[in-house]
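First the structure, in the form of structure tokens, and then the observations on it.
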Amino acid sequence: QLAQAEKIMRERINTAQMLAGVTLIDPAATYIEPDVQIGTDTVIEPNTHLRGKTRIGANCRIGPNTMIRDSEVGDHCIILASDITESRIADHVRIGPFARIRAGTVLARAVYIGNFGEVKNSSVGEGTHIGHFSYVGDAELGARVNIGAGTITCNYDGKRKHRTVIHDDVFIGSDTMLIAPVTIGARARTGAGAVVNKDVPPDSLAVGVPARVIRKLAYRG
């Protein structure tokens, strides 16, 4: 009987959303809680769960196989097969597939989170790309940063969490380990596989294990 009641309520919620201008590809396989708000012309793919106080903007495409809890999503976003909890996402953001956005995350306009990327308790600046198989936790990323595949912010020393700060226009090479607390200056770069345990100045290239600055980079502003 509880299952029957849940089905009836789900049908009522889904019908109200469709009448308000939301497209549900398969209403029978879409799960929207009563407090969720969705903008017009947004498309919800099958097996998507929208829970809590979630708000989704207009002209988005959500799912399939996506879970969003107590989060805000802006307009014109694409979220594919991903899990999002207690986060704020601006307009024109692309996430997934198979990404995880954990509590306390703020994604600015036009951010891209690739497949199997994970972000936790971090702010990510406008136009930043976080490649696949990367973990960004307790971090502050500026605008137009590129995080190469396999990059990890090593934020936990066994007792406490520490923050990583990456300024604008930084390029982080694939498989870089950022040992927090650490700061990467604007327009700096790290080589693939670098283990960065000291701050990197702006306009510098750091490589190696442990990473060291080998030269200054020409800045073309």
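Kindly evaluate Lys198 against the criterion of being part of a loop (DSSP other than H, G, I, E, B) and out of contact with any strand residue (DSSP E or B) (no Cβ under 9 Å at 6 or more places or on another chain).
When the stated conditions are applied, Lys198 does not pass them.
Among the listed residues Glu33, Glu6, Glu11, which satisfies the condition of being more than 21 Å from Ile78 (Cβ to Cβ), open to solvent by 70 Å² or more (accessible area, probe 1.4 Å) and touching a Leu at 6+ places or on another chain (Cβ under 7 Å)?
On inspection, the qualifying residue turns out to be Glu33.
Could you go through segment 73-82 and let me know if any residue there is more than 29 Å from Tyr135 (Cβ to Cβ), surrounded by 23 or more Cβ atoms within 10 Å (Cβ to Cβ) and not aliphatic (A, V, I, L, M).
no
What pairs come up if the first residue lies in segment 25-40 and is in contact (Cβ under 8 Å) with a residue 60 or more places away in the chain, the second is open to solvent by less than 80 Å² (accessible area, probe 1.4 Å) and of a type in the set (Lys, Arg), and their beta carbons are under 7 Å apart, counting only those six or more places apart or on different chains?
From segment 25-40, no pairs qualify.
Which members of segment 95-108 meet the condition of being crowded, with 18+ Cβ neighbours inside 10 Å and not β-branched (Val, Ile, Thr)?
Selection gives Gly96, Ala99, Arg100, Leu107, Ala108.
The values are calculated or read from the model by the stated rules, or taken from the named source; none is laboratory data. Treat the numbers as computed from the prediction; the structure is a model and nothing was measured. Methodologically, a virtual Cβ is constructed for each residue, glycine included, from the backbone with ideal geometry; neighbour enumeration extends over all protein chains shown. The accessibility values were calculated without ligands, DNA or RNA, using every heavy atom of the protein model including side chains. Shrake-Rupley method; radii C 1.70, N 1.55, O 1.52, S 1.80 Å.
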